[in-house]
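Reviewing the structure listed below.
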Ligand SMILES: [Fe+2]
Ligand SMILES: [Fe+2]
């Protein structure tokens, strides 16, 4: 069951859905400096520019290299990565894990989390706004259309729910963005890796060797990843889904590994095997944004049943 791509009649759209925090009493806004992206989706749109759908690549000459990437990066995206690479340190990751992994923020069901994410909408361009549930259902429907098992379809539906971290007041750079290990040398294949020179961890020699604070092939389970929506959701749902689903959730933004082949020295044989699932999932996440939204009224009962078969009414977040 290798990666397969959607039918070509489903037209990918690049910049259709945007998400940002709507001002409201119930939502703590992050400061302007912390939020250089117009929306969280601007990061994902930029991923599409960096990793275009294979059949859309017109020629090898036009394929995106990191050099090309740097030249065409939007200022907000550059600033986003500058903050991300500056502030994702071992200490920061440990502090976020201490804050969130007791899962004591609130109790809510999967649908409540989806609804809350829908409240994160783009008020700058309402005509092209698509709520988060559209990306969730489009991803899930593409997985279902390819005949994958129901837990894989469910994974497509929920994979981004960790973005509720925004609702808890976290800045964009601590919610989205490509993820990477901290506590060891930063790969130069990480997007805009030059910004790591501002990361205080580069001052600690023990964090800057190839394996850093880890044993070679120790397994990703033992590695501290930069903090974001992947790691958080993994902990929220880890008692309810098979390991293949969990690894897709936990590492779907780990582009330096699943797209660039980096950090093999930290992975063990089990990780290598499981990463086939991460690579299988990635095209459904990146290439299923289409401009004819799914018929939610027709589909939601099926998804409600699916969610209730795997999850309790409430989970600890
Ligand atoms: Fe994601
Ligand atoms: Fe996604």
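Below, the figures for the structure above:
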quantity	calculated
Of residues in region 175-184 being surrounded by 24 or more Cβ atoms within 10 Å (Cβ to Cβ) and more than 11 Å from ligand 1 (Cβ to nearest atom), the one nearest to the chain's Cα centre (by Cα)	180
Residue pairs meeting the criteria (Cβ under 7 Å; at least 6 apart or on separate chains; first more than 10 Å from residue 284 (Cβ to Cβ) and away from ligand 2 (no atom under 11 Å from the Cβ), in region 149-163; second modelled with pLDDT of 95 or more and not in a helix (DSSP H, G or I))	151/241; 151/242
Output for region 143-162, where each listed residue is touching a helix residue (DSSP H, G or I) at 6+ places or on another chain (Cβ under 7 Å) and not in a helix (DSSP H, G or I)	159, 160
Filter result for residue 235 (modelled with pLDDT of 95 or more, away from ligand 1 (no atom under 14 Å from the Cβ), crowded, with 16+ Cβ neighbours inside 10 Å and under 15 Å from residue 100 (Cβ atoms))	yes
Boolean, residue 267 is under 15 Å from the mean Cα position of the chain (by Cα) and more than 16 Å from ligand 2 (Cβ to nearest atom)	no
Qualifying positions in region 287-306 - surrounded by fewer than 21 Cβ atoms within 10 Å (Cβ to Cβ) and part of a helix (DSSP H, G or I)	296, 297, 298, 299, 300, 301, 302, 304, 305, 306
Residues located in region 165-174, provided they are touching a helix residue (DSSP H, G or I) at 6+ places or on another chain (Cβ under 7 Å) and either within 12 Å of ligand 1 (Cβ to nearest atom) or part of a loop (DSSP other than H, G, I, E, B) (or both)	165, 171
Looking only at region 35-53, and only at residues there that are modelled with pLDDT under 85 and away from ligand 2 (no atom under 15 Å from the Cβ), the one that is surrounded by the fewest Cβ atoms within 10 Å (Cβ to Cβ)	38
From the options 206, 194, 115, residue that is in a helix (DSSP H, G or I), within 20 Å of residue 36 (Cβ to Cβ), free of Cβ contacts under 8 Å to residues at least 24 places away in the same chain and more than 16 Å from ligand 1 (Cβ to nearest atom)	194
Enumeration of residues in region 226-260 that are in a loop (DSSP other than H, G, I, E, B) and in contact (Cβ under 8 Å) with a residue 60 or more places away in the chain	226, 227, 228, 240, 241, 242, 252, 253, 254, 259, 260
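Residues checked against (1) touching a helix residue (DSSP H, G or I) at 6+ places or on another chain (Cβ under 8 Å); (2) at pLDDT below 90:
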site	(1), (2)
77	yes, no
88	yes, no
123	no, yes
128	no, yes
133	yes, yes
141	yes, no
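Each row is one residue, and each column tells you yes or no for (1) under 26 Å from residue 48 (Cβ atoms); (2) modelled with pLDDT under 95.
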residue: 264; (1), (2): yes, no
residue: 268; (1), (2): no, no
residue: 286; (1), (2): yes, yes
residue: 297; (1), (2): no, yes
residue: 311; (1), (2): no, no
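The values are calculated or read from the model by the stated rules, or taken from the named source; none is laboratory data. Treat the numbers as computed from the prediction; the structure is a model and nothing was measured. No Cβ is skipped: glycine too gets one built from the backbone with ideal geometry, and neighbour counts run over all protein chains shown.
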